[in-house]
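The values are calculated or read from the model by the stated rules, or taken from the named source; none is laboratory data. What you see is a predicted model; the values in this text were computed from it and never measured. Neighbour counts are summed over all protein chains in view; Cβ atoms, including those assigned to glycine, are modelled from backbone coordinates with ideal geometry.
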Amino acid sequence: MKQTQKKYAIAVDALKCIDCKACMIACKVENRVPEGFWRNWIKNSDTAAGLQTQFQPGQCMQCDSPSCVSACPVGATFKGPDGLVVIDATKCIGCGNCVTACPYGARYRNPTTATADKCDFCQHRLQKGEEPACVETCPTRTRVFGDLNDPGSDINARLKSTKHLRIINPLINTEPNIFYTDQTVLLNWPREPTLPGNIHMSPRFWKSSG
């Protein structure tokens, strides 16, 4: 029997986030992220119209049509067979194209290795059957991780039980695979992907290699 290809994703219930930043610290330690840089983050909404401040965790969105893949001139950034957008550090030339191409600001240039870096859902942990560090560490289970192609996965159960939405840049839909409950206060933080030097490209360019 042919095994179904995996497609990893995360569902986020922002109402459960208490801004403890355990996910950020766990990620930083697990992936040896250099000082001054992060692979994930927590943004917050301003209190308005009687609503409480809401915290919005985020990271690489593991997009189905990733603009970062289109921007890489050497194929160092690519989608693997499990759907994860990953970086081959042995191929990366540190040009920074993918850093500015990400609509979510999820990438940075590692000052130690001089190569691009970002969240990869802790791929080394997945290979051992473990969850990403940010998911495992969260005391309120804000994030639910799993395989969208597995009907019995926890993430499919979450997505079926609660309405969700995705944070999308209106200029280009990269089809992100992080979902937020529909009660999430959407913050206007996605940006237009560009090449270094603030060079703007047509939406068709960003879709060309995704």
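Observations on the model:
- Note on the stretch 1-20: residues that are farther than 21 Å from Lys163 by Cα and crowded, with 17+ Cβ neighbours inside 10 Å total 1.
- Every condition in (1) among the hydrophobic types (A, V, I, L, M, F, W, C); (2) farther than 18 Å from Pro176 by Cβ; (3) in contact with a strand residue (DSSP E or B) (Cβ under 7 Å, 6 or more places away or on another chain) is met by Leu84 except one, and the failing one is (2).
- Evaluation of Ala116 against the conditions (1) aliphatic (A, V, I, L, M); (2) free of Cβ contacts under 8 Å to residues at least 40 places away in the same chain; (3) buried (at least 18 other Cβ atoms within 10 Å of the Cβ) shows that the sole unmet condition is (2).
- Answer residue from the stretch 166-175, given it is assigned to a loop (DSSP other than H, G, I, E, B) and not hydrophobic (A, V, I, L, M, F, W, C) and is surrounded by the fewest Cβ atoms within 10 Å (Cβ to Cβ) among those: Pro170
- Output for the stretch 127-148, where each listed residue is polar (S, T, N, Q) and surrounded by fewer than 16 Cβ atoms within 10 Å (Cβ to Cβ): Gln127, Thr140
- Every pair of residues 6+ apart whose Cβ atoms lie under 6 Å, when the first sits in the stretch 176-203 and is in a strand (DSSP E or B) while the second is at pLDDT below 80 and loosely packed, with under 13 Cβ neighbours inside 10 Å: Thr194/His200
- One residue from Ala22, Ala26 being aliphatic (A, V, I, L, M), over 23 Å from Thr115 (Cα atoms) and at pLDDT 95 or above: Ala22
Table: residues versus (1) modelled with pLDDT under 95; (2) farther than 18 Å from Ala133 by Cβ; (3) surrounded by 15 or more Cβ atoms within 10 Å (Cβ to Cβ).
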residue	(1), (2), (3)
Trp38	no, no, yes
Ser67	yes, yes, yes
Cys92	no, yes, yes
Thr100	yes, yes, yes
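- In the stretch 127-165, the residues that are outside any loop (DSSP other than H, G, I, E, B), touching a residue at least 24 places away in the same chain (Cβ under 8 Å) and polar (S, T, N, Q): Thr137
- Checking the stretch 100-108 against the condition returns a match, with at least one residue being of a type in the set (A, V, I, L, M, F, W, C), in a helix (DSSP H, G or I), in contact with a strand residue (DSSP E or B) (Cβ under 9 Å, 6 or more places away or on another chain) and within 14 Å of Pro190 (Cα to Cα).
- If you go through the stretch 143-192 and pick out every residue that is over 27 Å from Ser67 (Cα atoms) and touching a helix residue (DSSP H, G or I) at 6+ places or on another chain (Cβ under 7 Å), you end up with 1.
- Within the stretch 26-36, tally of residues that are exposed (fewer than 15 other Cβ atoms within 10 Å of the Cβ) and of a type in the set (A, V, I, L, M): 1
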